[in-house]
Amino acid sequence: MSVRLDHGSDELGEVHEINVTPFIDVMLVLLIIFMIAAPLATVDVAVDLPSANAERTQRPDKPVFLTLKSDLSIALENTPVARAGIGSALDGATNGDKQQRIFLRADKTVPYGELMTLMNDLRSAGYLHVALVGLDSADKPAP
């Protein structure tokens, strides 16, 4: 172990290195914030989806989910919507873009007639691009 006894002059020399410690601290804080915020951004409407074996398609950045629950209530994202107000609620969610695809989820216990009535309501509101959401056969829970 060696010790330097001569401290030289009292002048401070120029430092030619960037101090990255504050940068790393900020990045770690942002990482923690995004790790906490990402799971909160998902849709949390509980619905029992039927399984499908169709190929997966590319999902848009901000999909619009319309859910028909087993008690025949309707939810847009996580917000309950009255059947009469579906058109205006979708206009607000899509900013009036009738060409945007609406992802329709329905519980597997919902009667087919109710699903078709909801799809007719979407057509009446001017939303013709509807995608039905289901579980993949590989995602299907074991009985």
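The values are calculated or read from the model by the stated rules, or taken from the named source; none is laboratory data. Keep in mind the model is a prediction, meaning the values are calculated, not measured. Cβ: placed from backbone, ideal geometry, glycine included. Neighbour counts: every protein chain shown.
Given the conditions (1) surrounded by 17 or more Cβ atoms within 10 Å (Cβ to Cβ); (2) within 20 Å of Ala41 (Cβ to Cβ), which single one is not true for Leu122?
Failing condition for Leu122: (2).
Those residues that are outside any strand (DSSP E or B) and in contact with a helix residue (DSSP H, G or I) (Cβ under 7 Å, 6 or more places away or on another chain), I need them from the range 78-121; list them, please.
Listed by number, the residues that qualify are Arg83, Ile86, Gln100, Asp121.
Would the range 67-76 turn up any residue that is surrounded by 10 or more Cβ atoms within 10 Å (Cβ to Cβ), at pLDDT 75 or above and in contact with a Pro (Cβ under 8 Å, 6 or more places away or on another chain)?
Yes.
What residue, of Val133, Val81, Val64, is in contact (Cβ under 8 Å) with a residue 60 or more places away in the chain and either exposed (fewer than 12 other Cβ atoms within 10 Å of the Cβ) or closer than 26 Å to Leu40 by Cα (or both)?
Of the residues listed, the single one that is in contact (Cβ under 8 Å) with a residue 60 or more places away in the chain and either exposed (fewer than 12 other Cβ atoms within 10 Å of the Cβ) or closer than 26 Å to Leu40 by Cα (or both) is Val133.
Give me a count of the residues in the range 1-50 that are at pLDDT below 85 and surrounded by 10 or more Cβ atoms within 10 Å (Cβ to Cβ).
Residues flagged as at pLDDT below 85 and surrounded by 10 or more Cβ atoms within 10 Å (Cβ to Cβ) within the range 1-50 amount to 6.
Being at pLDDT below 75, small (Gly, Ala, Ser), within 30 Å of Ala125 (Cβ to Cβ) and surrounded by 11 or more Cβ atoms within 10 Å (Cβ to Cβ) is the requirement here; does Ser88 meet it?
Spelling it out, it is not the case that Ser88 is at pLDDT below 75, small (Gly, Ala, Ser), within 30 Å of Ala125 (Cβ to Cβ) and surrounded by 11 or more Cβ atoms within 10 Å (Cβ to Cβ).
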